[in-house]
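Student: If you scroll down you'll find the structure; I have some questions about it.
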Amino acid sequence: MTTQRRTQSTDGDSGLPQDIDALLEKQIKAEQTRKAYQQRPDVMEKRKEYQAKQNDQRKIARAAMKADFETLTGMGYSREQAEAMVEKAKALGA
């Protein structure tokens, strides 16, 4: 199986690819599309929910590693569940 590398031809003395206009237009369009997508309200809401979920998971993990039963029970876990998390954290940390 052979692979071929794509070579970019250069335009005379400038050293730029011949299709620099097309490359720039494509990149600019992609960045504008990405920016518009990122600013959509539904995307922003999903990102906010995802980040909140990740923050909660990190908070749980840190509390388990520190054996902080108050935080774990304050987050709605029973004492038994909190103890199990702390034990698991100790086992993985050892």
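The numbers here are math on the coordinates, done by the rules we state, and not lab data. On a predicted model such as this, the values are computed, not experimentally measured, just so you know. Quick reminder, even Gly has a Cβ in these numbers, built from the backbone with ideal geometry, and neighbours come from all protein chains shown.
Student: Restricting attention to the range 41-94, report how many residues are of a type outside the set (Ser, Thr, Tyr) and within 17 Å of the chain's Cα centre (by Cα). Give the derivation first.
Tutor: Within the range 41-94, the first condition is being of a type outside the set (Ser, Thr, Tyr), and the residues that meet it are 41-49, 51-70, 72, 74-76, 79-94.
From the residues that got through so far, the ones that are within 17 Å of the chain's Cα centre (by Cα) too are 43-49, 51-58.
Residues in the range 41-94 being of a type outside the set (Ser, Thr, Tyr) and within 17 Å of the chain's Cα centre (by Cα): 15 in total.
Student: A follow-up question, please. Pairs under 6 Å by beta carbon, first residue under 16 Å from ARG58 (Cα atoms) in the range 77-94, partner assigned to a helix (DSSP H, G or I), six or more apart or different chains?
Tutor: That search, which allows pairs on different chains as well, returns ALA82/PHE69; ALA82/LEU72; ALA82/THR73; MET85/ALA64; VAL86/ALA64; ALA89/ALA64; ALA89/MET65.
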